[in-house]
Amino acid sequence: MRRLTQAWLNVQRNRRRSLMSVSIIAIAVFALLSAGGFGLYTYQSLAEASARESGHISVTMPGYFDSEEDYPLQNGIADSNVLIKSLLSHQQVKAVQPRVEFSGLASNGEKSAIFIGQGVQPNEFRQKGPFLDIVEGKLLDSYNPDEAPQVVLGKDLARNLKMQIGDWLTLLSTTSEGALNAYDFVVSGIVSTGVPEMDKRLLYIDLNAAQALLDSQRVSVVSMYFYDYQDVGPMLQTLSAPSAQQTPSLEFTPWWERAVFYDAVRNLYNRIFGVMGAVMALVVFVALFNTLSMSVTERTREIGTLAAMGTSPAEQLRGFVYEALVMALIGCVLGIIANGALSAGLLVADIQMPPPPGRTDGYPLQVYFSPILALWVTVSIAVICAGASAIAALKGVRKPITEALIYV
Amino acid sequence: MLQLSNINKSYRLGQLEQQALFDVSLQVVEAELVGLCGPSGSGKSTLLNICGLLDQQFDGQVYFSGEQVTGPQQAMRLRRSQLGFVFQRFNLVPVMSAFENVEYPLQLNRIATPQRKQRVNELLEAVGMLEHAGKRPDRLSGGQQQRIALARAMVLKPRLVIADEPTASLDSQTAHQVVSLMKQLSHQHGTSIVVATHDDRMSSHCDRIIRMEDGRVVSDKEALCVA
């Protein structure tokens, strides 16, 4: 405690200089935490979006994602209702959604366009939350075989085919037997995914309608959704265990193995923030080295006096390291407080970021406050400061005592 | 107690080598107050540094309590436990209080807290500074600072105290008080003191005067020093 008190008093010897060093540390910590917090927010948002899109775990027949089908639903899951019932029996599972993935031609009678279709249960939209921007109309109603089947179109596909709400659209696809089949659908809604390339091709129809179009009772994928995504890992192990294997054997793919965009962004941000962190670390190192070098030079005679009394170089170094740690601690606390204020402020102020490349919609600017990140940054800054002070002090404590004592 | 044998010391100034001490030998016995006198450049500071084990770059032998001092680690250990220092400019640590300055050598030697406190209070009382124990050096006069420096030098009951012009920065009355105090403490604790000085007030209190000129001891006797 006494060493820390003395370190604090030494820090106060030249207040303006120490204030400058502490400010630099605080700014660096603030910048690192803000950048890191923004990264964490982005990662979590993308992770949630990826998991929402594909489900926390996708259940398929083995090799479904690795190989192309010769005809629709060739590798589909038969008896999906039994599987769904079995999966829903796990208490961690919030919902299970079967899905049929298919493609074909959409035609308005005059013009045709290639589409990528998804046959889903209408309640999937509610269960997944607001992941689509409804441009016009509404999402799918519950399936009624006596009524005209509905289709929801991506906005660019709708524009391409000049579709309005209530218009009729013919979907042409290949059945699971290889024959051509066509159904007429009425447009119930036009949506935007935020990704222009998807909006040009995407459409949603009811699962039963998709199965009728493809003339199969199979489904492509069964998506599992959990209450807590922390349960994904353990559940994956449980489901993949040989004793739990279904007949025929199924493949369980977690969301992160299919989150290509998430991985790409994360890798990019990690590199950007890594370089930024290194630059900040260098700035802090140079600032502390400069401050401590001046301090050591000014205190050369004092260093000589203490050495004359038998203080070892290591003990003297320790004193300077404590000083640097005091400054690091103050700077880190200030930086963390500023980051917390920014994080809270952004929750209140609705600041929108411009759309990322390949997207049409912006997103709210938020910076997560992460205590773990704050701890890591604090420890890293403390180590950098300690290193800078030790190197700066080394020159002083190595000076011959007789020279140090007459230093002016 | 301290023995120097055939000490030769030279400094290199660029291409030139300047001999500072020529074959100096001397001995300091227990509880002796030795004055080291001589004009500027006579080598007394160089000799004082060697006596205080602050400089190991010389030819010759130094013995402390019969033990030859051969390396910096040994010198550091002896300085820490057996020697005290008083400097012309006091050299107190500005961020420490008077009490803490005096306490510092005891801390270095890992003396337990109760004994430390007792010993520091004794010394502060002996130098008449107990009431100023909590003050930092910048709130003390030169004379008061030198008393604290003296207490710091004596707090471990060292065998040898090295004092470099301890009265040079003091007025005559304060200088007289400090010199008397040094002598009193030296006799109380059986501590030897080697003091480099130009000051007659100081040298008049010495038991023995060593006079130096041009790096050589020219006289070594009980006599008044005229710098």
field: Selection within segment A:277-305 - at the interface with chain B (Cβ under 10 Å from one of its Cβ atoms) and surrounded by fewer than 23 Cβ atoms within 10 Å (Cβ to Cβ)
entry: A:ARG301, A:GLU302
- line: If you go through B:PHE90, B:PHE85, the only one that is touching a residue at least 60 places away in the same chain (Cβ under 8 Å) and touching a strand residue (DSSP E or B) at 6+ places or on another chain (Cβ under 7 Å) is B:PHE85
message: If I go through segment A:135-181 residue by residue, how many of them are in contact (Cβ under 8 Å) with a residue 60 or more places away in the chain, among the small types (Gly, Ala, Ser) and assigned to a strand (DSSP E or B)?
response: 1
Test for A:ALA390: is it more than 20 Å from the chain's Cα centre (by Cα) and in contact (Cβ under 8 Å) with a residue 24 or more places away in the chain: yes
- request: Give me a count of the residues in segment B:50-61 that are away from chain A (no Cβ under 14 Å) and charged (D, E, K, R).
  value: 1
message: Take A:ARG258 and tell me if it is within 30 Å of A:SER220 (Cβ to Cβ) and either surrounded by fewer than 17 Cβ atoms within 10 Å (Cβ to Cβ) or in contact with a helix residue (DSSP H, G or I) (Cβ under 8 Å, 6 or more places away or on another chain) (or both).
response: yes
query: How about segment A:131-162: which of its residues are hydrophobic (A, V, I, L, M, F, W, C), within 29 Å of A:ALA49 (Cβ to Cβ) and out of contact with any helix residue (DSSP H, G or I) (no Cβ under 8 Å at 6 or more places or on another chain)?
result: A:ILE134, A:VAL151, A:VAL152, A:LEU153, A:ALA158, A:LEU161
query: Which condition number in (1) touching a His at 6+ places or on another chain (Cβ under 6 Å); (2) surrounded by fewer than 21 Cβ atoms within 10 Å (Cβ to Cβ); (3) under 24 Å from B:LEU47 (Cβ atoms); (4) of a type outside the set (Asp, Glu) is the one that B:LYS157 fails?
result: (3)
- request: Out of A:ALA392, A:ALA344, report the one residue that is of a type in the set (Gly, Ala, Ser), surrounded by fewer than 19 Cβ atoms within 10 Å (Cβ to Cβ), over 30 Å from A:GLU197 (Cβ atoms) and away from chain B (no Cβ under 14 Å).
  value: A:ALA344
query: Would you pick out the residues in segment A:145-172 that are charged (D, E, K, R) and farther than 16 Å from A:PRO196 by Cβ?
result: A:ASP146, A:GLU147, A:LYS162, A:ASP167
query: Is it fair to say B:SER97 is under 26 Å from A:ALA7 (Cα atoms) and facing chain A (nearest Cβ under 9 Å)?
result: no
query: For A:SER34, which of the numbered conditions (1) over 30 Å from A:PHE289 (Cα atoms); (2) under 24 Å from the mean Cα position of the chain (by Cα) fails to hold?
result: (1)
- prompt: Does A:ASN14 meet the test of being within 14 Å of chain B (Cβ to nearest Cβ), in a helix (DSSP H, G or I), buried (at least 21 other Cβ atoms within 10 Å of the Cβ) and not basic (Lys, Arg)?
  reply: no
Within segment A:308-320, tally of residues that are more than 10 Å from chain B (Cβ to nearest Cβ), over 18 Å from B:ASN101 (Cβ atoms) and surrounded by fewer than 22 Cβ atoms within 10 Å (Cβ to Cβ): 3
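Residues are listed down the side, and each one gets a yes or a no for (1) more than 14 Å from every other protein chain (Cβ to nearest Cβ); (2) aromatic (Phe, Trp, Tyr); (3) in contact with an Asp or Glu (Cβ under 7 Å, 6 or more places away or on another chain):
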position	(1), (2), (3)
B:GLY14	yes, no, no
B:LYS44	no, no, no
B:LEU48	no, no, yes
B:TYR63	yes, yes, no
B:ARG77	no, no, no
B:PHE87	no, yes, yes
B:VAL93	no, no, yes
B:ARG110	no, no, no
task: Report the residue count in segment A:1-11 for those that are of a type in the set (Val, Ile, Thr) and either under 15 Å from A:ALA393 (Cβ atoms) or facing another protein chain (nearest Cβ under 8 Å) (or both).
output: 1
query: Going through segment A:182-214 one residue at a time, which ones are part of a strand (DSSP E or B) and either within 36 Å of the chain's Cα centre (by Cα) or at positive phi (or both)?
result: A:VAL187, A:SER188, A:GLY189, A:ILE190, A:VAL191, A:SER192, A:LEU202, A:LEU203, A:TYR204, A:ILE205, A:ASP206
- prompt: Among the residues of segment B:51-71, is any at pLDDT 90 or above, on the phi < 0 side of the Ramachandran plot and part of a helix (DSSP H, G or I)?
  reply: yes
query: Which members of segment A:353-369 meet the condition of being of a type outside the set (Asp, Glu), farther than 19 Å from A:ALA338 by Cα and either in contact (Cβ under 8 Å) with a residue 40 or more places away in the chain or surrounded by 12 or more Cβ atoms within 10 Å (Cβ to Cβ) (or both)?
result: A:MET353, A:PRO355, A:PRO356, A:GLY358, A:ARG359, A:THR360, A:GLY362, A:TYR363, A:PRO364
- request: Would you confirm whether any residue within segment A:363-373 is within 14 Å of chain B (Cβ to nearest Cβ) and either in a helix (DSSP H, G or I) or farther than 24 Å from A:ALA324 by Cβ (or both)?
  value: no
message: When you check A:LEU239 against the structure, is it within 30 Å of A:ARG3 (Cα to Cα), more than 14 Å from chain B (Cβ to nearest Cβ), crowded, with 17+ Cβ neighbours inside 10 Å and in contact with a Phe, Trp or Tyr (Cβ under 8 Å, 6 or more places away or on another chain), yes or no?
response: no
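The values are calculated or read from the model by the stated rules, or taken from the named source; none is laboratory data. Since we're looking at a predicted model, the values are computed, not measured. All Cβ positions, even for glycine, are placed from backbone atoms using ideal geometry, and neighbour counts span all protein chains on display.
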